[in-house]
Amino acid sequence: MKHQIDKIELCFLTKKDHSAVCALMKDEYKHLQNSTWESWQLKALITKFPKGQVGIKIDGKLAGFALSIIVDYTLFDDMHTYKDITGNYTFNTHNALGDTLYGVDVFVSKKYRGLRLGRRLYDYRKELCEELNLKGIIFGGRLPNYQDYAKDISPKEYIQKVKAKEIHDPVLNFQLSNDFYVRRIIQHYLEGDTQSHEYAALLTWNNIYYSKPKKNPNTQKTVIRLGLIQWQVRPYNNIEEVLEQAEFFIDAVSNYRSDFALFPEFFNAPLMAKYNHLSEAEAIRALAGYTEQFKQEFSKLAVSYNINIITGSMPELIDEQLYNVGFLCKRDGSVEKYAKIHVTPDEQKIWGLKGSNEIKTFNTDCGKIGVLICYDSEFPELGRILSAQGMQILFVPFLTDTQNGYSRVRICSQARAIENECYVAIAGCVGNLPKVHNMDIQYAQSAVFTPCDFAFSTNGVKAESTPNTEMILVADVDLDLLKELHSFGSVNNLKDRRTDMYEIKVKNKHL
């Protein structure tokens, strides 16, 4: 077939190309449940790794594309799934400091096949790999023609016959002709790929120009963006209105490409107004009935907006015991729970809250974090335990009614940042709730605190909000500055502890 073509150009994809990408994919992948990329997924790829997302346009029309990420392949094995390598399709596995270019997708329109457009895309990937000094390219190659032979031969025999030219497979033949080799066969690679019977050939191209980077203490910085939500309590008719407001703020901090969104303690307390005719203890137990729905909806928002959400806190009933809990909803779809360990005298006396017995750090795609709910920040042992577990950022969702209560949280949080050589982010509620018992007034000024040394703010305050005003606060923190501080700081709070004289114990563990 002859093509009347005036111009072929290789270009970087933009968010505007999403509809054209979907149009190309729909026919080829119609047997798959999710046959096209969502707009937020393409946006995430372009944001994380713009050089890895390229297209070929013929006379201005998209004719093919290639999507890629960089991964630290030492974190995976050769039997990974497509979901594993892409971070559940969020691409949070992309690591600019990784060692391998991973092919997420490549596609050429049937209309323009035979013009060697696929070779142009693969050549670009190879050149990019060399430019970035990566070990090579790896991807899982589908075997769409295997469905015609599955009853008679195994995937291994199928690939051998393709290599021997006994079976024609245009996809695999093309990849083999472009210097890729089959590293192994992966089972259950792409969920729902019935054509390949969920098998894939793990294909590899080695960069012969790769040179192992020399160790250098001045490595590329890791900058994390924090989005703090200073939430104003106001009357709500139902949970849907609260979630609508929450999504508004998540959307706002996500638009600034924040890695975390932090909500305050008991931000959903206005829902207790419906139960104001009950006692305080009964009303908060009624509020606990919403907690599971909040957890599920926040998890969906975390994935949709590509952001890790710390849900502040809310009441939870476990075996008729009431706890103050929150959830870390990661953008890969997983959810972990944290809980308040020290409850205040009022919380115990008025609501009957109990303290949790578990303290732990959480691994995220932006380092290791800890969460201490309000009063917990005033106990230095907890911060030290989390620090011993490798915490880099401490989040403190709080709820304080008066300025002196707020000052306790603020001053203690600043102390945690200094003594544990970490960042601390605090976020609270503002406003009044005259129709909710024990929640009448709120005072807050959200902030991000740092250690006090030359690489940081002289007063240890990275950023702070306007007091008692509903708003968001966005700030960047550099994790590599913490590494330098641990070794080269003016003082070394972590190293200089006199562990020969004192120690902290957690049950039977010594830290």
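Here, each number is a calculation from the coordinates, and none is a lab measurement. No experiment lies behind these values; they were computed from the predicted model shown. Virtual Cβ from ideal backbone geometry, glycine too; neighbours counted across all protein chains shown.
Near residue 18, once Lys and Arg are set to +1 and Asp and Glu to -1 for all other residues with Cβ below 11 Å from its Cβ, the sum equals +1. Loop sites by DSSP among the GluC sites (Glu not before Pro) of the chain, restricted to those with at most 11 other Cβ atoms within 10 angstrom, leave 1-165 as the longest stretch without any of them. With both labels modelled 7 Å from their Cα along Cα-to-Cβ, the residue 504 to residue 358 distance reads 1.9 nm. Here the relative contact order of region 257-393, from alpha carbon pairs under 8 Å that lie six or more residues apart, stands at 20 percent. If R0 is 30 Å, the Cβ-Cβ spacing of residue 240 and residue 47 corresponds to a FRET efficiency of close to 0.50.
Region 407-428 and region 90-128 have Cα centres spaced 45 Å apart. Amide H to amide H distances under 5 Å link residue 136 with 101, 207, where only residues 5 or more positions off or on other chains count and H is placed in the peptide plane.
For region 355-511, the dipole from Cβ point charges (+1 on Lys and Arg, -1 on Asp and Glu) about the Cα centre works out to 440 debye, to the nearest 20.
In the chain, the DSSP-assigned H stretches of four residues or longer account for a calculated mean residue ellipticity at 222 nm of -8000 deg cm²/dmol, using -39500 (n - 2.57) per stretch and the full residue count as denominator. Maximal additional length on extending the residue 494-residue 110 stretch stands at 132.1 nm, based on 0.36 nm per residue less the C-alpha distance.
Kindly flag which residue pairs out of 83/300; 57/163; 16/57; 295/354; 340/435 have an alpha-carbon separation exceeding 22 Å in this structure. From the list (83/300; 57/163; 16/57; 295/354; 340/435), the Cα-Cα distance tops 22 Å for 57/163; 340/435. Only one residue of 323, 172, 402 has its Cα farthest out toward the positive end of the dipole of the chain, where Lys and Arg carry +1 and Asp and Glu -1 on Cβ, and that residue is 172.
Placing R0 at 25 angstrom, the Cβ-Cβ distance between residue 292 and residue 88 gives a FRET efficiency of 0.70 after rounding to 0.05.
Taking the Cα centre of the chain as reference, the dipole from Cβ charges on Lys and Arg (+1) and Asp and Glu (-1) amounts to some 1660 debye. Taking the longest Cα principal axis of the chain as reference, the axis of helix 479-488 is set at about 70 degrees. If I take R0 = 60 Å and measure r between the Cβ atoms of residue 161 and residue 419 in this structure, what FRET efficiency does the formula 1/(1 + (r/R0)^6) give, to the nearest 0.05? Here the calculated transfer efficiency is 0.35.
Here's the picture: a label point sits 7 Å out from the Cα of residue 197 along the beta-carbon direction, and within region 126-147 the residues with their amide nitrogen under 13 Å of it are 143-147. Of the chymotrypsin sites (Phe, Trp or Tyr not before Pro) found in region 222-256, those that fall in a DSSP loop while having at most 15 other beta-carbon atoms within 10 Å are 256. Taking all Cα pairs closer than 8 Å and separated by 6 or more residues, the relative contact order of the chain comes to 11 percent. Loop-located trypsin sites (Lys or Arg not before Pro) across region 395-453 with a Cβ neighbour count of 13 or fewer within 10 Å are 435, with loop assigned by DSSP. When you restrict to C-alpha pairs under 8 Å that are six or more residues apart and normalise by the size of region 356-500, the relative contact order lands at 18 percent.
Applying a DSSP loop filter and a limit of 13 other Cβ atoms within 10 Å to the chymotrypsin sites (Phe, Trp or Tyr not before Pro) in region 354-433 leaves nothing. On full extension, the segment bounded by residue 335 and residue 72 gains 92.3 nm, given 0.36 nm per residue less the C-alpha separation. Taking a sphere under 10 Å around the Cβ of residue 259 and counting the other residues whose Cβ falls inside, with K and R at +1 and D and E at -1, yields a net charge of +1.
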